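Q: If you scroll down you'll find the structure; I have some questions about it.
The values are calculated or read from the model by the stated rules, or taken from the named source; none is laboratory data. No experiment lies behind these values; they were computed from the predicted model shown. Note that we place each Cβ from the backbone using ideal geometry, even for glycine, and neighbour counts take in every protein chain shown.
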Amino acid sequence: MKISEFINNIDITENVLSKEEHKKLLDYTLSINSWESQPWGVKFYISERMPDEIVDLLNKVFMIAYQKCTDRYNANLRVFERREPHLIKFDTNYSMNKHVDTTGDFAVIYYVNDDYKGGEINFPEFNLKIKPNANSFIMFPSNDDYLHEVLENTEKERYSSTLWFNFKGTEYRGDINERVGTENTVREQRKLEEN
C-alpha cells in the first residue's frame, strides 16, 4: 500500500510530553558527550546506553506517534521494539541532501530542541519548509512522493529522535517477532501510564 502525494499527509503534533518530561529529556540529551558518528554525518546515541527513565520517555513519544499514525492513515502497523528509538545530533553547519526515506512506511521525527537557526525539514515538491517546535513530532509517509531534505542548521546543534513505522508483515527492521514485540511494548506503555 502506498499513501499518495498529498501535502495534508504531512502532520505535526505539538506538546507531546509534559513540560517536566520534556525538560528531563532535553537536559539528558544536552549532557551526552559520547555521540557515535554515522557514515552520513549525523551522530547517534543508542537507547541501550540510556537510563530506563529516558528510554521510557522516548517510548511514550513514539507510542503517541504510533497511535496517531495508525488512526490518521488507517494503517495496520507493526509496533516498534522498546529499544528502537535513539537520539540524533546534527552538528552546527550540518545539512542533509534531498532524499526519500526507505527504512519504513511512515517516518516520525521528534524534535528535542528548537533553539538552533536553520535546520528546517524541506519538502521541495510541496514548497513546504517546516521547523517544528521543541517537544513536537512531524510524521509523513516514507515513499518517493515525500522527497525531503534538512536545511543547514547554522547556529547550535539540532537534537531529535527518528523512528520509522512499518506495515505489519514487512521486515525492514530485520526478523522481528511481531506478536511478542507488540505485547511487550504495549505492556510497557501500560506500566508507564499507571505511574
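Q: Run down T29, T70, T103 and say which single residue is modelled with pLDDT under 95 and assigned to a helix (DSSP H, G or I).
A: Unique residue meeting the criteria: T70.
Q: Could you list, in sequence order, the residues of region 12-56 that are of a type in the set (A, V, I, L, M, F, W, C) and out of contact with any helix residue (DSSP H, G or I) (no Cβ under 6 Å at 6 or more places or on another chain)?
A: Those that are of a type in the set (A, V, I, L, M, F, W, C) and out of contact with any helix residue (DSSP H, G or I) (no Cβ under 6 Å at 6 or more places or on another chain): I12, L17, L26, L30, I32, W35, W40, V42, F44, I46, M50.
Q: Could you list, in sequence order, the residues of region 44-79 that are in contact with a Leu (Cβ under 6 Å, 6 or more places away or on another chain) and aromatic (F, W, Y)?
A: Result: Y45, F62.
Q: Check V55, V108 and return the single one that is crowded, with 20+ Cβ neighbours inside 10 Å, of a type in the set (A, V, I, L, M, F, W, C), touching a residue at least 24 places away in the same chain (Cβ under 8 Å) and not in a loop (DSSP other than H, G, I, E, B).
A: V108
Q: What are the residues in region 7-29 that are without any contact (Cβ under 8 Å) to a residue 12 or more places away in the chain and not basic (K, R), if any?
A: Answer for region 7-29, where residues must be without any contact (Cβ under 8 Å) to a residue 12 or more places away in the chain and not basic (K, R): N8, S18, E20, D27.
Yes/no matrix, rows are residues, columns are (1) farther than 22 Å from N143 by Cα; (2) out of contact with any strand residue (DSSP E or B) (no Cβ under 9 Å at 6 or more places or on another chain):
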{"position": "I12", "(1), (2)": "no, no"}
{"position": "H22", "(1), (2)": "yes, yes"}
{"position": "T29", "(1), (2)": "yes, no"}
{"position": "P51", "(1), (2)": "yes, yes"}
{"position": "A65", "(1), (2)": "no, no"}
{"position": "Y73", "(1), (2)": "no, no"}
{"position": "E81", "(1), (2)": "yes, yes"}
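Q: Turning to a different aspect of this structure: When you go through F44, F62 one by one, which is the residue that is assigned to a strand (DSSP E or B) and either within 14 Å of the chain's Cα centre (by Cα) or closer than 17 Å to F90 by Cβ (or both)?
A: Selected residue: F44, the only one of F44, F62 that is assigned to a strand (DSSP E or B) and either within 14 Å of the chain's Cα centre (by Cα) or closer than 17 Å to F90 by Cβ (or both).
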